[in-house]
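Asker: My structure is below; once you've seen it, I'll send some questions.
The values are calculated or read from the model by the stated rules, or taken from the named source; none is laboratory data. Given the structure is predicted, the values throughout are model-derived calculations rather than measurements. As a convention, Cβ positions derive from the backbone with ideal geometry for all residues, glycine included, and neighbour counts pool all protein chains shown. For the accessible areas, the whole protein counts, side chains as well, though only heavy atoms, and no ligand, DNA or RNA atoms are used. Shrake-Rupley method; radii C 1.70, N 1.55, O 1.52, S 1.80 Å.
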Amino acid sequence: MRGCGIVLGAAILTLTPHKPATTTSPFTVPTWSISTSIPITKNTNRNTPLPQLRRYGQSNFYGNGNTRDEGFRCGCALSSSKCNWVGVEGSKNYEDDDFMVVNFYRFVFIKDPEEEVSKHLSFLQGLDINGRIYLNEQGINAQYSGPSKDALSYVNWLREDHRFSDVLIQISPALKGHAFPRLKLRYKPSLVQLEGGISHLPLLDSSMRATPLTPSQWKDKLEAVNKIDEGSNMKYILLDVRNGYEWDIGHFHGAHRPDVDCFRSTSFGLSQSEVIASDPLASVDKEKTDILMYCTGGIRCDVYSSILRQRGFKNLYTLKGGVSHYLKEEGPVEWVGNLFVFDSRLSLPPSVFKPEAMTEASKTQEVSNNISFARCFICGSQLSELRHRNCANLDCNLLFLCCTGCMNDLRGCCCLKCTSATRVRPLLPGHQRYKKWHYYRDMQLQSR
């Protein structure tokens with residue numbers, strides 16, 4: 001888990017958008033903007049840059065998220081306290097100032113991704129949005145948080161582009177303000193990190209990716225698989241295309257824990273030997289075995305399925321929209337535990353996605369309350385809380401599950417060695433997350 005980009009504290013940076021190129025756009029999107037120092041301006045050309053604004057005062061990663069930038073405000077009629085969000089399922093449950101997390105991705109050819117980045121930066125000027133939005137020649141991958149009126153303004157603007165008009169948008173509550181420390185919107189050679197990159201993969205050819213199954217189809221498939229007798233001729237593999245620590249707090253019944261600490265190093269089906277125990281695809285029949293792949297939001301499965309397709313695997317299936325979409329549509333049927341997410345929330349129970357399903361499932365006994373798979377990293381005892389924490393030793397920062405006893409005994413560290421390190425942060429109670437090191441260093445200096 002070390003070195004895999006799981007950073008739970010970050011410096012607050014100033015964002016200055018690049019000036020967009022002034023070329024002709026295939027579409028125009030009118031926007032309104034207002035500032036205390038700049039008059040209301042209507043931007044009728046998506047390629048014309050809005051006035052430059054340097055953003056300060058971003059909310060702290062683990063603060064209440066209420067620090068707001070009172071610069072430009074885009075996307076809504078200025079006289080309306082509510083916006084009419086078209087086609088975003090679940091958005092009616094949010095007030096304008098309720099924070100939400102939005103996730104989406106789309107593989108589509110973008111001729112000039114640097115210019116596309118500039119357009120997105122121009123539109124997002126003044127919107128209170130933090131997160132990761134990456135674009136390149138193969139498409140877009142976005143996870144961000146913000147108040148609903150800002151978060152969904154960006155969605156509506158994006159859908160004005162025919163290339164993204166039907167993109168699957170997933171939303172969930174942000175719980176406590178922003179779920180990300182700042183906005184990172186830029187060109188990135190790989191939309192997801194994988195050893196060797198992914199720019200060479202045929203991701204724009206849907207036939208080279210796995211067949212997507214809707215949540216309903218996936219549920220039916222899993223229920224059918226779980227009823228198969230051992231003597232059946234049907235062959236299948238339920239493949240969790242995530243990291244091992246994600247499986248540790250939640251997974252589908254029947255899915256084995258992936259022996260992977262970082263998706264970048266995933267190598268299922270790529271081993272030369274057929275006897276490698278850590279590779280569930282090492283000895284399967286590529287022609288007759290159904291490979292059922294799932295991940296959090298769907299993009300990792302889409303990417304990896306194209307690799308497996310090139311390796312000769314014929315019957316590849318992915319869960320459309322990933323686990324988050326499945327829990328929203330079907331509830332926790334065939335799922336056990338929580339869902340790991342790569343933001344400050346870390347762990348989300350199924351009830352966050354579909355509260356009503358929890359009641360119905362419990363009535364029909366379709367949901368297992370058995371979470372005996374969750375164990376303390378240090379002592380191996382069974383856990384009742386499915387939430388990771390970082391090692392208090394900054395130079396370790398291991399993400400691990402821990403019982404209360406071990407947490408107190410080792411003062412938040414993952415092992416005895418880390419307790420004697422030079423940069424050990426204080427033990428944080430409850431669900432608090434660590435800030436940057438200088439915060440604790442300054443506290444120590446002040447106390448002397």
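Residues checked against (1) modelled with pLDDT of 95 or more; (2) within 18 Å of the chain's Cα centre (by Cα); (3) open to solvent by less than 10 Å² (accessible area, probe 1.4 Å); (4) not charged (D, E, K, R):
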residue: PHE109; (1), (2), (3), (4): yes, no, no, yes
residue: VAL117; (1), (2), (3), (4): yes, no, yes, yes
residue: ASP128; (1), (2), (3), (4): yes, no, yes, no
residue: GLY131; (1), (2), (3), (4): yes, yes, yes, yes
residue: ILE140; (1), (2), (3), (4): yes, yes, yes, yes
residue: ARG163; (1), (2), (3), (4): yes, no, no, no
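Asker: How many residues does region 233-263 contain that are touching a strand residue (DSSP E or B) at 6+ places or on another chain (Cβ under 8 Å), farther than 16 Å from VAL284 by Cβ and among the β-branched types (Val, Ile, Thr)?
Answerer: Selection size over region 233-263: 1.
Asker: Show the residue pairs that are 6+ apart or on different chains and have beta-carbon atoms under 6 Å apart, the first residue being within region 390-418 and surrounded by 22 or more Cβ atoms within 10 Å (Cβ to Cβ), the second being modelled with pLDDT of 95 or more and in a helix (DSSP H, G or I).
Answerer: Cβ pairs passing all conditions: CYS391/CYS418; ASN393/CYS418; CYS413/THR419.
Asker: I'd like to check which strands (runs of 3 or more DSSP E) are fully inside region 105-173 and have at least 3 residues that are over 30 Å from PRO350 (Cβ atoms) and without any contact (Cβ under 8 Å) to a residue 24 or more places away in the chain.
Answerer: Because the criterion is at least 3 residues that are over 30 Å from PRO350 (Cβ atoms) and without any contact (Cβ under 8 Å) to a residue 24 or more places away in the chain, no strands (runs of 3 or more DSSP E) in region 105-173 meet it.
Asker: Which of the residues spanning region 142-156 are open to solvent by less than 10 Å² (accessible area, probe 1.4 Å) and more than 20 Å from GLY322 (Cβ to Cβ)?
Answerer: Of region 142-156, the ones open to solvent by less than 10 Å² (accessible area, probe 1.4 Å) are 142, 144-148, 150-155.
Across region 142-156, the qualifying residues are GLY146, PRO147, SER148, ASP150, LEU152, SER153, TYR154.
Asker: Taking region 419-440, which residues are at pLDDT below 90 and either in a loop (DSSP other than H, G, I, E, B) or surrounded by fewer than 12 Cβ atoms within 10 Å (Cβ to Cβ) (or both)?
Answerer: Kept after step one, since they are at pLDDT below 90, are these residues of region 419-440: 428-440.
LEU428, PRO429, GLY430, HIS431, GLN432, ARG433, TYR434, LYS435, LYS436, HIS438, listed by residue number.
Asker: Got a sec? Which strands (runs of 3 or more DSSP E) wholly within region 184-259 have at least 1 residues that are closer than 29 Å to TYR144 by Cβ and among the small types (Gly, Ala, Ser)?
Answerer: Details: elements: 211-213, 236-240, 250-252.
In region 184-259, 250-252 are the strands (runs of 3 or more DSSP E) which contain 1 or more residues that are closer than 29 Å to TYR144 by Cβ and among the small types (Gly, Ala, Ser).
Asker: Could I ask something else about it? Looking only at region 119-135, decide whether some residue is under 21 Å from LEU203 (Cα atoms) and polar (S, T, N, Q). Spell out how you get there, then give the answer.
Answerer: Start the filter on region 119-135 by keeping residues that are under 21 Å from LEU203 (Cα atoms), which leaves 132-135.
Cutting the leftovers down to polar (S, T, N, Q) gives us none.
There is no residue in region 119-135 that is under 21 Å from LEU203 (Cα atoms) and polar (S, T, N, Q).
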